[in-house]
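Input: a single structure, listed below in structure tokens.
The values are calculated or read from the model by the stated rules, or taken from the named source; none is laboratory data. Predicted model only: the values in this text are computed from it and were never measured. A quick note on method: Cβ atoms are made from the backbone with ideal geometry, for glycine too, and the neighbour counts reach across all protein chains shown.
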Amino acid sequence: MSRHVITTERAPAAVGPYSQAVRAGDLIYTAGQVGIRPETRQFAGPDIESQTRQALENLKAILEAAGSCLEHVVKTTVFLTDMSEFARMNAVYAEFFPLAPPARSTVQVAALPLGARVEIEAVAQACACASQRA
């Protein structure tokens, strides 16, 4: 099975010794993404909604660089620093996965890198997505 490191400038660069994503065979494994805008290296906002939206935009950019898309995500893991924000995170998340959402785990953690409120990672199938051809 081949292993290929994925990088894109459309998502924040790794802040440690890890890759934005790795493609292994027909699967893409992303690193966890927080709500930082790649162009400013600042959080998209202080609230859970803006950080969730940006984290998912970052995942989308990485998946597209790897030859996939959000439509082919099979599993996500969401890390929250405050589970009381679950419903607000979930409302934004639902915008990105309106039909046949992937399997998901959501856990509360003590802290996240850079003081983020949310971090999201994904596993996706490699494919040529319809949204990329449009």
Residue satisfying all of: in segment 1-47; aliphatic (A, V, I, L, M) and over 20 Å from V118 (Cα atoms); surrounded by the fewest Cβ atoms within 10 Å (Cβ to Cβ) among these: M1
Pair list, Cβ under 8 Å, 6 or more apart: segment 46-69 residue charged (D, E, K, R), other residue at pLDDT below 95 and in a helix (DSSP H, G or I): E64/Q132
Counted residues, segment 62-73 - those being in contact with a strand residue (DSSP E or B) (Cβ under 6 Å, 6 or more places away or on another chain) and either surrounded by fewer than 19 Cβ atoms within 10 Å (Cβ to Cβ) or in a helix (DSSP H, G or I) (or both): 4
Verdict on V107 being surrounded by fewer than 18 Cβ atoms within 10 Å (Cβ to Cβ) and closer than 23 Å to A14 by Cβ: yes
Residues that are part of a strand (DSSP E or B) and within 18 Å of Q125 (Cβ to Cβ), drawn from segment 74-96: V74, K75, T76, T77
Options L59, L114: the member that is assigned to a helix (DSSP H, G or I) and at positive phi: L114
Cβ-Cβ under 9 Å pairs, at least 6 apart or on other chains, segment 13-25 side closer than 14 Å to E121 by Cβ, far side in a loop (DSSP other than H, G, I, E, B) and modelled with pLDDT under 95: Q20/A13; Q20/A14
Checklist (1) part of a loop (DSSP other than H, G, I, E, B); (2) within 14 Å of the chain's Cα centre (by Cα) applied to P46, failing item: (2)
Counted residues, segment 90-108 - those being touching a Ser or Thr at 6+ places or on another chain (Cβ under 6 Å) and more than 16 Å from R53 (Cα to Cα): 3
